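Some notes on the structure that comes next.
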Amino acid sequence: MKKQIAIALATLLLAGCGTGQDNQPSKNVTESDLLHHNFVLQSIDGILVNPQNGQIPSIEFGEKMHVSGAMCNRFFGQGQLENSVLTVKNLASTRMMCADPQRNQWDQTISTLLSNGADVSLNAHLLILNGGGHQLVYTLKDWVQ
């Protein structure tokens, strides 16, 4: 329990560091900022995301903005990034029912967010996706360090 609280506080503090408190516009996120990076999900709407059955939800950006990842189900599609808004039209995913009802809801959240377009900010090692009243906070965790 203490570890979860510490992670929650660290996530909130780090997320707060990039909120533009100095009233300066945030840097426009470009494809090169995201390409070849893997991010693991830390929280959705302030709720900490814990690994389930060894699976940690993630999002990854490959060649030519191929977006792939997993929540409960795996998803993938061709992304487009314009003015720091990430859109993945024709997002495809597996269609398994998750044991955790919250993960089922989060599958729908990420699908809707990416299909409709998510505002993207990248601060240090945090990737934040905002849209449709939801905020997903990811931490950089590349496959090769």
Note: among Leu35, Leu14, just one is over 14 Å from Lys141 (Cα atoms), surrounded by 12 or more Cβ atoms within 10 Å (Cβ to Cβ) and either modelled with pLDDT under 95 or touching a helix residue (DSSP H, G or I) at 6+ places or on another chain (Cβ under 8 Å) (or both), namely Leu14
Number of positions in the stretch 123-145 that are in contact with a strand residue (DSSP E or B) (Cβ under 8 Å, 6 or more places away or on another chain) and at pLDDT 95 or above:
13
In the stretch 27-46, what count of residues is obtained for those that are in a loop (DSSP other than H, G, I, E, B) and among the hydrophobic types (A, V, I, L, M, F, W, C)?
2
Is there a residue in the stretch 121-129 that is exposed (fewer than 13 other Cβ atoms within 10 Å of the Cβ) and in contact (Cβ under 8 Å) with a residue 12 or more places away in the chain?
yes
Tell me whether the stretch 100-118 contains one or more residues that are out of contact with any Cys (no Cβ under 9 Å at 6 or more places or on another chain), part of a strand (DSSP E or B) and surrounded by fewer than 20 Cβ atoms within 10 Å (Cβ to Cβ).
no
In the stretch 88-140, which residues are over 18 Å from Val40 (Cα atoms), touching a Leu at 6+ places or on another chain (Cβ under 6 Å) and among the hydrophobic types (A, V, I, L, M, F, W, C)?
Val88, Leu91
Counted residues, the stretch 75-102 - those being of a type outside the set (Gly, Ala, Ser) and closer than 19 Å to Asn38 by Cα:
10
Of all residues being among the acidic types (Asp, Glu) and without any contact (Cβ under 8 Å) to a residue 60 or more places away in the chain in the stretch 39-89, which is farthest from Asn116 (Cα to Cα)? Just the residue, please.
Glu63
Within the stretch 47-80, restricting attention to residues that are part of a strand (DSSP E or B) and of a type in the set (A, V, I, L, M, F, W, C), which residue is nearest to Ile128 (Cα to Cα)?
Ile59
Restricting the stretch 38-68 to residues that are of a type in the set (D, E, K, R) and in contact with a strand residue (DSSP E or B) (Cβ under 9 Å, 6 or more places away or on another chain), the one modelled with the lowest pLDDT turns out to be Lys64
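The values are calculated or read from the model by the stated rules, or taken from the named source; none is laboratory data. Just so it is clear, the model here is predicted, and its values are computed rather than measured. Ideal geometry is used to build each Cβ from the backbone, glycine not excepted, and the neighbour counts take in all protein chains shown.
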